[in-house]
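One structure is given here, and the rest of the page talks about it.
What follows is calculated from the coordinates using simple rules that are stated; it is not laboratory data. This is a predicted model, so every value here is computed, not measured. Reconstructed Cβ throughout: ideal geometry from the backbone, glycine too, with neighbour counts over all protein chains shown.
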Amino acid sequence: MKIVVYIKHVPDTNEVKLDPVTNTLIRDGLPSIINHDDKSGIEAALRIKEQVGGDSTVTVVCMGPPQADVALREALAMGCDNAVLLSSREFGGSDTLATSTIVAAGVAKLDYDLVITGRQAIDGDTAQVGPQIAEHLGLPQVSYAEEVVEITNDYIVVKRQFEDRYHIIKVKLPCLITALAELAEPRYMSVAGIEKAYATDITVLDYEAMKDVLPLEKIGLNGSPTNVKRSFGKQAKGAGTVLADLTPDEAVQAIIAKLEEKYII
Amino acid sequence: MVNFKLSNELSLQQELYRKFAETELKPIAAEADETETFPMDVWKKVAKYGMLGIPFPAEYEGSGSNNLSYSICVEELSKQDASIGVSVSVHTSLCSTPIFMFGNEDQKKKYLCDLASGRKYGAFGLTEPNAGTDASGQQSKAVKDGDNYILNGAKIFITNSAFADTFVAFAMTDKSKGTKGISAFILEKGMEGFTVDKDIPRMGIRAASNCGLAFENVVVPEANLLGKEGRGFGIAMQTLDGGRIGIASQAVGIAQGAINETIKYVKERKQFGKRISQFQNTQFQLADMQTKVDAARLLVWRAACAKDAHENYSALAAMAKLAASEAASDVTRRCVQLFGGYGYSREYPVERMMRDAKITEIYEGTSEVQKMVISGSMQVK
């Protein structure tokens, strides 16, 4: 089985420290890491490879500047077989749509039965790139995967997390799944794996290598319809209000009253 | 290492060792010390990720890295748990390395592959109840008997001995020849007449295994003679040269670990209405300590690089161990002082680090032995 994992190299937000004297963020030397959900995707891919056996391979793909090389080396050191870096000046400034366009073009150049991405990146939190890649490639997709229940050469059964329940979804290969951090606890690199990682050539695909399928107006800033209006941190949602023991009519009245109270209607 | 910066490979390996130690060792170190229990589950993970065969080539199932990486590994592990640090050091430097350097191809295939891959664990038996710094006074005897040697005697303070599978041990094959009558052997756990005693209660590195060995008419096949008969003393001395890089790295790790804990503490602890990090005494103490530790680390890295380059590194390793072990004892003692009463309590790790540091001035050659090696290399006689 040919598995492709798409990863993002992101600033380690866990390492953000407050200066105890000034109470400001210490930004100097903030290290970059493989995004947590993506690392879980790597682990899931490695386990599937080990389980299916044969000539299975895991190819890891990252889009980013040349410094993203270290993320690919880490993935190789965990046990991935091949690494591809999508890197070009023309790719800079891409939003999720332009990014997924580029990544899909890169993945299309590889052999794959299964594509795994992380659910979302800790620096953007959009959860859009994985599903968009699936759409570009015309693949069925299962997002929010928390467990691989079964895998064969023909299909995969995935437990998909949902707000108040889960779904068990069986999907034909090839397909794309987006991994939650809890899908698979990542292994450490191994010492020998790191040696091997630096002895492995990383394939670099730049704009020149993909321009046959990548119109300039679809990538980079030009291909990015998104305008960031405002950035904000995560807000706690709160527990919500539960209205129990109401008749359907009372429930309708209660909901309408709430909506009117909040000037929604 | 022209510019004192680690290569990309070594940086990533350092990240692995650090993360592994913080995740796996830090949570268990205090309890393992308290209960004097060797953390076998964690040890198996150390093996699994290739930390028991760092400097050996893939040909012998090693990790294919080098002695500098090994030194960084022992430092990072020892920052959190010096007991695991010394266990890796002894396994690698004192058991696997002499087999790699002096073993024949059969011995390497039979023993080194299992050790370097981490399937089996190693120990080293030189010290005897009456032969410590004067290792030439070996009282263990090996007498040739056909195709075998019959081994009798006792060893003491043998790290890893309770769980080791493979031992490199020394005995007199011809007492009349003095140091030229000492030979090295590869022993296996379970050989008839070979017993391992109970752990020796100790001041520090209490989670490590450290027992005495007894040999009572142990039949050792000639095939297990390591190097030539009568060359054992040289093998032991060269092995210890390498071991000193490991112990020096352990000492640097203990000292750096104590400094890191202390920096955290002094920024939180308030006295006289100020954080104690605001007092110049605290600042200057820590500046002084970090300078010592950095100096020691550079000496250790110099020795490791010289070993990797197959240069003569004996005196360099001795200097590294002398400087690092004395830095570790001094730094950990001063860290306890900066913590005050809490430093003396077992609630914080610095008292353990202070107890762990002392042994680095003693084993694998005391500080006095290091000075003999260094002054000898200076032709000061």
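DSSP beta bridges fully contained in the protein assembly as shown are about 60 percent antiparallel. Exceedance of the 30 Å cut-off in Cα-Cα distance is limited, within the set B:Lys44/B:Lys358; A:Lys159/A:Lys237; B:Lys175/B:Lys358, to B:Lys175/B:Lys358. If you take the Cα centroid of the stretch B:1-57 and the Cα centroid of the stretch B:306-335, the two points sit 20 Å apart. Note on A:Glu150 and A:Glu163: the model spin-label points, each 7 Å out from Cα along the C-beta direction, lie 3.1 nm apart. For chain A, the longest principal axis of the alpha carbon atoms and the long axis of helix A:96-108 meet at an angle near 40°.
Listed peptides A:251-258, A:131-138 appear in the order A:131-138, A:251-258 once ranked by packing, highest mean of other Cβ atoms within 10 Å at the front. With helices as the sole contributors, chain B gives -15000 deg cm²/dmol at 222 nm; each DSSP H run of n ≥ 4 counts as -39500 (n - 2.57), and the sum is divided by every residue. Could you give the DSSP H helices of chain B that reach 30 angstrom or more along their long axis (alpha carbon positions) and whose average Kyte-Doolittle hydropathy is no lower than -1.0? Both cut-offs are met by B:232-268, B:280-308, B:314-339.
Label separation (B:Leu298 vs B:Leu6): 1.8 nm, computed from points 7 Å beyond Cα along the C-beta direction. Computed over chain B with a Gaussian network model linking Cα atoms closer than 10 Å, the most mobile of B:Met319, B:Met172, B:Met101 is B:Met101. When shorter helices are ignored and each DSSP H run of at least 4 residues is given -39500 (n - 2.57), the per-residue value for chain A at 222 nm works out to -8500 deg cm²/dmol. Among beta bridges from DSSP that stay inside the stretch A:2-218, the antiparallel ones total about 40%. The mean number of Cβ atoms from other chains found within 10 Å of a Cβ in peptide B:11-21 is 4, as a whole number.
For the residues B:Phe279, B:Phe170, B:Phe56, a GNM of chain B with alpha-carbon springs under 10 Å puts the largest fluctuation on B:Phe279. Each principal axis of the Cα cloud of the protein assembly as shown was evaluated for its coordinate range; sorted largest first, these ranges are 102, 67, 56 Å.
Averaged over the residues of A:182-192, the number of partner chain Cβ atoms lying within 10 Å of the residue Cβ comes to 5. Give the residue from A:Leu214, A:Ile194, A:Ser143 lying farthest towards the positive end of the charge dipole for chain A; charges sit on Cβ (+1 for Lys and Arg, -1 for Asp and Glu) and the dipole is referred to the Cα centre. Farthest towards the positive pole: A:Leu214. FRET efficiency for the pair B:Lys44 and B:Asp106, taken as 1/(1 + (r/R0)^6) with r the Cβ-Cβ distance and R0 = 22 Å, rounds to 0.20. For A:Lys196, the aspartates and glutamates whose Cα falls under 17 Å of its own Cα, not counting residues fewer than eight places away in the same chain, are A:Asp69, A:Glu74, A:Asp81, B:Glu9, B:Glu15, B:Glu59, B:Glu61.
Semi-axes of the equivalent ellipsoid for chain B, computed as √(5λ) from the eigenvalues of its C-alpha gyration tensor and ordered from largest down, come to 36, 21, 20 Å.
The lysines within cross-link reach of B:Lys270, meaning a Cα-to-Cα straight distance under 22 Å and a gap of 8 or more places when in the same chain, are A:Lys17. Could you quote the convex hull projected area for the stretch A:2-218, Cα atoms only and averaged over all directions, in nm²? Reported value for the Cα convex hull: 13.6 nm². Distance check, please: which entries in A:Lys109/B:Lys48; B:Lys48/B:Lys110; A:Lys170/B:Lys19; A:Lys2/A:Lys170 exceed 25 angstrom between their Cα atoms? From the list (A:Lys109/B:Lys48; B:Lys48/B:Lys110; A:Lys170/B:Lys19; A:Lys2/A:Lys170), the Cα-Cα distance tops 25 Å for A:Lys109/B:Lys48; A:Lys170/B:Lys19. Taking the charge dipole of the stretch A:2-218 about its Cα centre, with +1 at Lys and Arg Cβ atoms and -1 at Asp and Glu Cβ atoms, the residue from A:Gly93, A:Ile169, A:Thr13 reaching farthest to the positive side is A:Ile169. Springs join every pair of Cα atoms under 10 Å in this Gaussian network model of chain B, and among B:Arg333, B:Arg346, B:Arg355 the largest mean-square fluctuation is at B:Arg346. The mean number of partner chain beta-carbon atoms within 10 angstrom of a residue's beta-carbon across peptide A:62-74 is 1.
Modelled spin labels at A:Ala209 and A:Ala108, positioned 7 Å past Cα toward Cβ, are 1.6 nm from each other. When only the Cβ of Lys, Arg, Asp and Glu is charged (+1, +1, -1, -1), the dipole of the stretch A:2-218 relative to its Cα centre reaches about 260 debye. For the stretch A:194-265 versus the stretch A:21-100, the inter-centroid distance based on Cα atoms is 20 Å.
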